[in-house]
Structure formats: structure tokens, C-alpha cells
Amino acid sequence: MRHLLSITDLSVDEIDALLETASDIEANPDKYAHVMEGKKLATLFFEPSTRTRLSFEAAMYELGGHVIGFAGASNSSAAKGESVKDTVRTVGCYADIIAMRHPLEGAPWAAVQAATTPVINAGDGGHHHPTQTLADLMTLKKEKGRLDHLKVGLCGDLRFGRTVHSLIGALSRYPGNEFVLISPRELRVPGHIVADLIEAGIPYKEAESLEDAIGDLDALYMTRIQQERFFSPEEYLRLKDSYILDEEKMRLAPADMIVMHPLPRVNEIDVKVDSDPRACYFKQVMYGKIMRKALIMKLMAETELPPKPSRVFITTGKQCKNPRCISSTEQGLEPLFYPVHQVMRHGELVRIPTKYVCAYCDMEQV
Ligand code: CP
């Protein structure tokens, strides 16, 4: 069966087809009102959510299906120590498709080892959030008319920002796109993502000043500085107000630049910006529900297909060094790694040939 763990599990042609389906769903919702009759979606949310969980549930109801699930690990047997694999294996006895969110990076990759239904990653720690990316792509397509030849600024917490990681993974595969990565030094995008950009020859620039970057963008993707991802409360307090997009900064932006944000917002976009016609973040919310409808239909139609081949993994006899990796807690989960190539970033090595990257959380082992 097909799962969606990372946005790169979908080819560009498949993403384009999902966008076409979504446009048809938007124009003709009644046509799709019964396509999931008799089917159940399970939403397994081990971490808080408003948009992702409720949009998945609304999507399934609007397709004529049913929903079961839990919102919060404390409402499930995870609170008694049940593993992710046992939870997913159990839920496969009740539901036809699973959307799961988990605070540990790589949890959905562990889940699919025991899954008997398609699994959708609805966000795993600071790692990936592919269905937010589907919402973001529909927003760009609708508001900018294209997914190629865009200059996209990504601003805020690029280190732990899972929506940023997935969006870069998607837009990197459309021609002519370039990225301006705006963050404090401490929250720069992880090395493995920069290494992928370098290897693919995709133009990118790392910057610290939003004011300097904003005048030359097609889209600005703001993100929250995420308190829950910090190891040190002092560092969060020091960095939490790094970027605040307000009316003054919007005056520096092009007239046709759009502002995106996966939400929730704290204070990084002043509420006065909401009435600017360039503010698109609540449109993203609506597009998210439509794209999730298209995705549920696609995965449910492909339950008989063999999984796509993945890269070759190896064991090293060691554990992953990321304390937030699912392999640090999940029983019976073999630590797996893939080798990386040498890549330079600003004159520093970001990939070393003899080192390995965790197959679950993508952290380089140093
Ligand atoms: N964008 C997003 O993932 O929002 P929630 O955390 O509310 O689901």
C-alpha cells in the first residue's frame, strides 16, 4: 500500500495530479460527497493540533466517510507505555487509513513497519509535515499561478520547522525556484537539507535580516519560534521575538508578494497584517482541507499497489544520537542509517563521507 511520510514520497506528477483533483473538489464538492462511504479514517494525534486534525476529520466527513481517533497521547494507551507500532497495528483492526502526529521524529517510519493500512504523517516532531506542504502548494498555485520560478523567503525557526523542511523538499523539484532562508544563526535549516540543495544545484541564500530580504520575494513563509522544540527555556526567551512581520515591514515588500504561515501564529505576524490583501494564511487553512480530501482519495485508491522502493539502509551497531528520534524509545525498532556524501556549506563540511544519517529522523551522526 502507499503511505505519505515525506513529501518526496510523491512524484512531481503525483503532486500536480493531486492539485488538479483538489481544484475539481473545490468546484464540484457534491461530486465527491459519497466516495468514502463505509470507510473510516483514524486520527492518532499524540501531539496538539487544531488545523491538521480537524481538517482531516472534516475532509473525511465531507467525502462521506467516518472518523475515529484520539487527540492527545494522554487519551490513548500510549500513556500506559504502548509503542507506536502496537498502536498502529491495533488501529488497523478498526480503520481503513491512519493520519498520525507524534512529537518524536521518525515516528511514522516506525508506524509503517506494523501498519496494515495507509499511514499519513501529520507532523513528526521538528522533522516533516507533508500534508501542510500540500496546503502550501495549493496556496502558491492559486495565488501565484505557478509552482516554478518562484523566489520564496522562509523566515523564523528553520531548524525545527517541519513545515519548512517539507516545503523546501517539494519546491526543490520544480524548475527555477530559489530560497532565501531567514533565521537567527541558532535556528538555521538543518545541514542535510542544505546539503540536498547544494547537491541539486538549487540557488539559496542564508540571511538574518527580514527587512533586507523582503523587497525581492514572490512569497514570504513566516513560521513560529516553537517553544516546545527548545532544549533550553533561556534560549527560547532570547530568540522568541526574532522576527515580527508588521505593517512597516510589509511596506518594503513587493505589491504581489504573498504572505504565508502554516499557523498557529503567536506574535510573529502582527494582526494588523491580516487585512492586507497579500496575507494568505487563512486561505492556506481552507486549501489544506481540500488537499487532504484529494490525498485520502488517492491513498485509498492505491491500497493494492506495492510500496515505492526506498533507499538502502544499513545497521551500524549504534543508536541514533538524536534524543527526539523515535528509535530512542520504541521497543524492537532496529536503528537504521544511510551513508552521506561530502558537501561544503560556507566553507564548512556539512556532510562527511564516512558518517551516516538516521533513516528515521535524518539526523547526521557526528
Ligand atoms: N499547521 C498546523 O499543523 O497546524 P496545527 O498544529 O493546528 O495542526
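The values are calculated or read from the model by the stated rules, or taken from the named source; none is laboratory data. Note that the structure is predicted; figures quoted are calculated from it, not measured. Every residue, glycine among them, receives a Cβ derived from its backbone with ideal geometry; neighbour counts consider all protein chains shown. In case anyone asks, the SASA skips ligands and DNA or RNA and just uses the protein heavy atoms, side chains included. Shrake-Rupley method; radii C 1.70, N 1.55, O 1.52, S 1.80 Å.
Looking only at strands (runs of 3 or more DSSP E) that lie completely in the range 83-180, which have at least 1 residues being touching a strand residue (DSSP E or B) at 6+ places or on another chain (Cβ under 7 Å) and open to solvent by 10 Å² or more (accessible area, probe 1.4 Å)?
Once the strands (runs of 3 or more DSSP E) in the range 83-180 are filtered for at least 1 residues that are touching a strand residue (DSSP E or B) at 6+ places or on another chain (Cβ under 7 Å) and open to solvent by 10 Å² or more (accessible area, probe 1.4 Å), what remains is 97-102, 151-155.
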- Looking at this structure, is residue 266 open to solvent by 60 Å² or more (accessible area, probe 1.4 Å), over 20 Å from residue 13 (Cβ atoms) and assigned by TED's automatic domain parsing to the domain that holds residue 137? yes
- Only one of these conditions is not met by residue 79: (1) surrounded by 18 or more Cβ atoms within 10 Å (Cβ to Cβ); (2) among the hydrophobic types (A, V, I, L, M, F, W, C); (3) farther than 29 Å from residue 286 by Cβ. Which number is it? (1)
- For residue 225, indicate whether it is under 19 Å from residue 140 (Cβ atoms), open to solvent by 10 Å² or more (accessible area, probe 1.4 Å) and not in a helix (DSSP H, G or I). no
- Message: When you check residue 69 against the structure, is it outside the structural domain of residue 263 (by TED's automatic domain parsing) and in a strand (DSSP E or B), yes or no?
- Response: yes
- Query: For the subset of the range 37-50 comprising residues that are more than 15 Å from the ligand (Cβ to nearest atom) and surrounded by fewer than 19 Cβ atoms within 10 Å (Cβ to Cβ), which member is farthest from residue 288 (Cα to Cα)?
  - Reply: 38
- Message: I'd like to know if the range 51-72 contains one or more residues that are within 16 Å of the ligand (Cβ to nearest atom) and at pLDDT below 95.
- Response: yes
- Selection from the range 10-66 of residues that are in a helix (DSSP H, G or I), hydroxyl-bearing (Ser, Thr, Tyr) and out of contact with any Gly (no Cβ under 7 Å at 6 or more places or on another chain): 21, 23, 32, 61
